[in-house]
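Some notes on the structure that comes next.
No lab work stands behind these numbers, since they all come straight from the coordinates. As the structure is a computational prediction, the values presented were derived from the model and not from experiment. Heads up, the Cβs are rebuilt from the backbone with ideal geometry, glycines too, and the neighbour counts pull from every protein chain shown.
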Amino acid sequence: MTASMLTSRTIDQVDATHAAPATRHHAHASGTYRVSVRRVLTRPDARLAVPAVEIDPCHPYVVALADALVTTMQVSPACVGLAATQVGEPARIFCMDLTGHKRARSCAGLVVLCNPTIVWRSGDVIQREGCMSVPNLTGDVARASEVTVEGYEPGTNQLVRVNADAMEARCLQHEIDHLDGFVFVDRVRDPVKQLFARKIYK
Ligand SMILES: [Zn+2]
């Protein structure tokens with residue numbers, strides 16, 4: 001699967017970074033790397049409202065955080081995106097993977113972007129969305145139906161451009177909102193009519 005391929009590539013990058021003398025002082029003392037699943041914060045944790053700061057995509061800490069985000073997303077049922085803000089790290093990085101999702105049209109596979117920006121948007125569509133940080137609710141949220149997002153790949157600092165529509169466009173806007181300190185509930189225009197109780201994914 002694309003997802004696991006990219007995960008192992010990320011781990012290789014971490015290992016390579018730890019081996020490089022120039023950056024050795026950034027590495028943990030043992031020089032070993034452990035894949036970690038992070039706890040996802042839920043509302044009303046105040047850290048979810050803190051805007052994240054721009055980061056160096058090649059910093060070993062950022063590469064390790066990228067891997068932790070992907071791992072946490074992949075082990076979480078029904079999770080298609082996760083932002084660093086949600087694991088208590090105020091850093092502008094998120095991951096997303098709509099592979100196999102029934103509401104997806106465009107699908108870029110596993111995407112991990114640092115310092116993402118929406119460079120183009122079009123349309124306006126209201127659809128139901130949910131979030132691991134808001135486990136008890138779903139909501140109808142208006143978002144652009146198509147977006148182009150640019151960001152930088154962790155570990156390489158390569159510019160990545162994603163043209164997305166439908167569910168993938170929604171997911172990108174949702175994750176970038178997290179980095180700005182917003183959850184979807186903040187985007188619901190009429191909380192009485194547009195918020196709904198949901199079942200909790202275990
Ligand atoms: Zn979310």
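Here are the numbers for the structure shown:
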| item | result |
| --- | --- |
| Strands (runs of 3 or more DSSP E) wholly inside segment 86-164 that include at least 2 residues being away from the ligand (no atom under 15 Å from the Cβ) and not small (Gly, Ala, Ser) | 110-122, 125-131, 146-152 |
| Within segment 165-198, tally of residues that are within 21 Å of Ser106 (Cβ to Cβ), outside any helix (DSSP H, G or I) and within 16 Å of the ligand (Cβ to nearest atom) | 0 |
| Failed condition for Met132, given (1) over 25 Å from Pro60 (Cβ atoms); (2) touching an Asp or Glu at 6+ places or on another chain (Cβ under 8 Å) | (2) |
